[in-house]
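Enquirer: Take this structure, written in structure tokens, and hold onto it; I'll ask about it next.
The values are calculated or read from the model by the stated rules, or taken from the named source; none is laboratory data. Just so it is clear, the structure is predicted and the values come from calculations on it, not from any experiment. With ideal geometry, Cβ positions are generated from the backbone for all residues, glycine too; neighbour counts draw on all protein chains shown. In case anyone asks, the SASA skips ligands and DNA or RNA and just uses the protein heavy atoms, side chains included. Shrake-Rupley method; radii C 1.70, N 1.55, O 1.52, S 1.80 Å.
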Amino acid sequence: MDQFLFFLVAFLAVASAVYFVFARNPLYAILSLIVTMFSIAGMYILLNAQFLAIIQIIVYAGAIMVLFLYILMMLNLNKEDESKKNNTLKFVGVFTAGLLLIGVLGVFRGVQQNHIVVENVDKGVGLTKNLGRLLFNEYVLPFELASILILAGIVGAVLIGKKDL
């Protein structure tokens with residue numbers, strides 16, 4: 001059942017990503033990108049990585065895609081502008097996707113079918129509680145240094161963006 005759900009969510013992600021590349025209307029393209037982000041979050045849930053799934057939904061599908069929609073509404077693109085765009089980038093995208101497909105098929109061809117013993121799998125892997133324990137016990141110093149670095153970046157961006165000091 002898990003494998004069927006994975007293939008269903010993966011098909012939805014790939015189909016919405018392909019629609020994003022070939023969509024004429026930019027609004028529909030961004031909406032299909034949101035569907036892609038939710039599908040990737042579904043894959044994370046199937047992999048028992050709930051924290052990554054929630055971050056995927058909050059950060060990418062929530063914040064960044066809403067920002068893209070806001071910018072799109074501010075630009076007020078017309079349909080006349082879409083017909084003038086060059087299709088070369090779409091063909092390059094299809095070509096690279098074909099190369100990726102050939103590479104994936106080559107990998108599947110070389111993989112031997114090994115069965116993994118399910119009894120030894122730890123069901124606690126990927127849970128937020130375990131991630132919190134690791135971050136605040138073993139990796140507390142790198143975690144705090146990263147937060148100081150992010151804070152310095154925010155202060156730097158505010159100072160650069162500020163016109164009058």
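Enquirer: Considering only protein heavy atoms, what per residue accessible area in square angstrom results for the range 1-77 with a 1.4 angstrom probe? Please list the in-between numbers first.
Expert: Numbers: 5120 Å² over 77 residues.
For the range 1-77, the solvent-accessible area averages 66 Å² per residue.
Enquirer: Of the listed peptides 35-42, 60-67, what is their order by residue-averaged count of other C-beta atoms within 10 Å, with the highest listed first?
Expert: 35-42, 60-67
Enquirer: Using only the Cα atoms of the range 1-77, build the gyration tensor, take square roots of its eigenvalues as a ≥ b ≥ c, and label the shape rounded, prolate or oblate: rounded if a/c is under 1.5, else prolate if a/b is larger than b/c, else oblate.
Expert: On the way: a/c = 5.22, a/b = 1.61, b/c = 3.24.
Note, shape of the range 1-77 comes out oblate.
Enquirer: Shifting gears a bit: Which percent of the accessible heavy-atom area of the range 1-77 goes to carbon and sulfur, probe 1.4 angstrom?
Expert: 80
Enquirer: Mind giving me the nanometre distance, one decimal, between the label points for PHE95 and PHE143, set 7 Å out from Cα along Cα→Cβ?
Expert: Rounded to a tenth, the inter-label distance reads 4.7 nm.
Enquirer: Ranking request for peptides 87-95, 46-54: highest mean number of other beta-carbon atoms within 10 Å first, then the rest in descending order. Before the final figure, lay out the partial values.
Expert: Numbers: 87-95: 10.6, 46-54: 16.2.
For the peptides 87-95, 46-54, the packing ranking is 46-54, 87-95.
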